[in-house]
Structure formats: structure tokens, C-alpha cells
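K.L.:
Can you keep this structure in mind? I'll have questions shortly.
Bear in mind these aren't lab numbers, they're just calculated from the coordinates by the rules spelled out. As the structure is a computational prediction, the values presented were derived from the model and not from experiment. Note: ideal-geometry Cβ built from the backbone for every residue, glycine included; neighbour counts use all protein chains shown.
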Amino acid sequence: MTNKNYYAVLGLDSSASIEVTKAVYRVLAKKYHPDIYSGNKDKGEKIFKKINEAYQVLSNPSKKEEYDKSREEAHKNVNDYEASDYNDENQSDY
């Protein structure tokens, strides 16, 4: 699905409920909304778009489930690679 960490974008733990996700989203969306953000408008708009993208996935139970599965699979693949048949016999002499 994606390699983006939507939980980090919203500052959430993966066990956060949809209600908590919605509450955090509202606070962040209000803070970074282009009409309200007092900092650099381009930066605020980019952050606002990331927040919205994360919320669209994490607030929808089926999308969240798919996202979580893809993250688990990616994590599993990294662990499989690290634990592959790599041992001292396969290392070159340096």
C-alpha cells in the first residue's frame, strides 16, 4: 500500500481508536489549515495535506486494516531478510 507512517504523521500509536484518531486530526487540521496557519503557507499546506491523507486511511476501518497488514508484511520482510542465510561462512574476508 504505502511506506508512509500515517501514525507518525498524526502522532498516534497504532492501537489508537478511531475516536482518538478523529480528535487528534481535528486539532492538527485546525492548527495547519491554510486559512489559519501563521507560519510559512507552503509548509502549512504540505503538512495539512499529509494530515488529511493519514486521516483518510486511519479513520476508515477497512483502509486502516489494509494499511496495518501492509505495514506488518513490510516489517516481516525486513526481518526475513535480516535472518536469511547470512552467516560467518558467507562473509568475505576483509
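K.L.:
Give me the dipole magnitude in Debye, nearest 20, for the range 1-58 about the Cα centre, with unit charges on the beta carbon: positive for Lys and Arg, negative for Asp and Glu.
P.N.:
Working: 10 positive and 6 negative charges, 31 e Å.
About 140 debye.
K.L.:
Using θ = phi - 60° and the Karplus relation 6.51 cos²θ - 1.76 cosθ + 1.60, list the HN-Hα couplings for the range 10-17 in order, rounded to whole Hz, with x at every Gly or Pro.
P.N.:
For the range 10-17, the Karplus curve yields 8, x, 10, 8, 5, 8, 4, 6 Hz.
K.L.:
Would you mind estimating how fast the range 1-52 diffuses translationally, via Stokes-Einstein at 20 °C and 1.002 mPa s with the Kirkwood radius over Cα pairs, in µm²/s?
P.N.:
185 µm²/s
K.L.:
Go ahead and run the numbers for FRET between Lys76 and Glu19, Cβ-Cβ distance against an R0 of 41 Å, rounding to 0.05.
P.N.:
So, using R0 = 41 Å, E works out to roughly 0.90.
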